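The values are calculated or read from the model by the stated rules, or taken from the named source; none is laboratory data. Here the structure is a predicted model, which means the values were calculated and not measured. Ideal geometry is used to build each Cβ from the backbone, glycine not excepted, and the neighbour counts take in all protein chains shown.
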Amino acid sequence: MRKLWNQYSYAIILLILSCAAAVIISSQGNSDVEEEYIKVTVSEGDSLWGLSKEYASMHSLTNKEFVNWVKKHNKNVDEKIFPGEEIVIPVSVNEPSLTQFASAPGE
């Protein structure tokens, strides 16, 4: 066993460190955009497209992406939604950018 360790110690250590790095990186995920979800009760005359437009300021998806997301993440939601149904919709939590643009001298 000692001979095996002496011969392959660098490879074993590299393998362990690679696995640890992979676990750490995969657990962090994408923290740039934090998504949240809200539950909405469907009213008379509502449509998925209309809800997408109504909540457009709260998400960064196109109308088509919004509709597809809602269909994918809600049971029994296809083309039509019915009054009284509760559906989950995505809303992004993005802090406003505090980027300031430099101005030319004398402006």
From Ile25, Ile12, residue being part of a helix (DSSP H, G or I), modelled with pLDDT under 90 and in contact with a Phe, Trp or Tyr (Cβ under 9 Å, 6 or more places away or on another chain): Ile12
Can you pull out the residues in the stretch 58-83 that are polar (S, T, N, Q), within 19 Å of Glu36 (Cβ to Cβ) and at pLDDT below 90? Ser60
Answer with yes or no whether Glu44 is among the acidic types (Asp, Glu), surrounded by 10 or more Cβ atoms within 10 Å (Cβ to Cβ) and outside any helix (DSSP H, G or I). no
